[in-house]
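Structure first, commentary second.
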Amino acid sequence: MGFADLSIQSIATEYDLTVQSVFDLCDQLGIAYKNQDTNLALEDAKAVIMQILHRQQSSSEGDLA
């Protein structure tokens, strides 16, 4: 499995989240990490980002209601 050049810290920064919230997502998805500098495997990074985007979309749809 390849590694993305995306650390937990960089994902948090890119999506305006706390590092802890990305840790929580990793825990929910069963993704192992050591700290905020951990580079995620490509498939793991994609899974985290898809979850973030899904939550953001759900949140913005709730704002429209």
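Residue by residue, here is whether (1) of a type outside the set (Val, Ile, Thr); (2) at positive phi; (3) touching a residue at least 12 places away in the same chain (Cβ under 8 Å); (4) not in a helix (DSSP H, G or I) holds:
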position	(1), (2), (3), (4)
Ile11	no, no, yes, no
Leu17	yes, no, yes, yes
Val22	no, no, yes, no
Leu25	yes, no, yes, no
Gln36	yes, no, yes, yes
Leu40	yes, no, yes, yes
Asp44	yes, no, yes, no
Ala47	yes, no, yes, no
Ser59	yes, no, no, no
Legend entry - Yes/no for Ala32 being open to solvent by less than 60 Å² (accessible area, probe 1.4 Å) and either at pLDDT below 95 or not charged (D, E, K, R) (or both): no
Inset, instruction - Could you tell me whether the range 39-58 includes any residue that is exposed (fewer than 11 other Cβ atoms within 10 Å of the Cβ), more than 12 Å from the chain's Cα centre (by Cα) and modelled with pLDDT under 95? - result: yes
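The values are calculated or read from the model by the stated rules, or taken from the named source; none is laboratory data. Owing to the predicted nature of the structure, the values given are computational and were not obtained by experimental measurement. Neighbour counts run over all protein chains shown; Cβ positions are idealised from the backbone, glycine included. Side chains included, ligands, DNA and RNA excluded: accessible areas come from the protein's heavy atoms. Shrake-Rupley method; radii C 1.70, N 1.55, O 1.52, S 1.80 Å.
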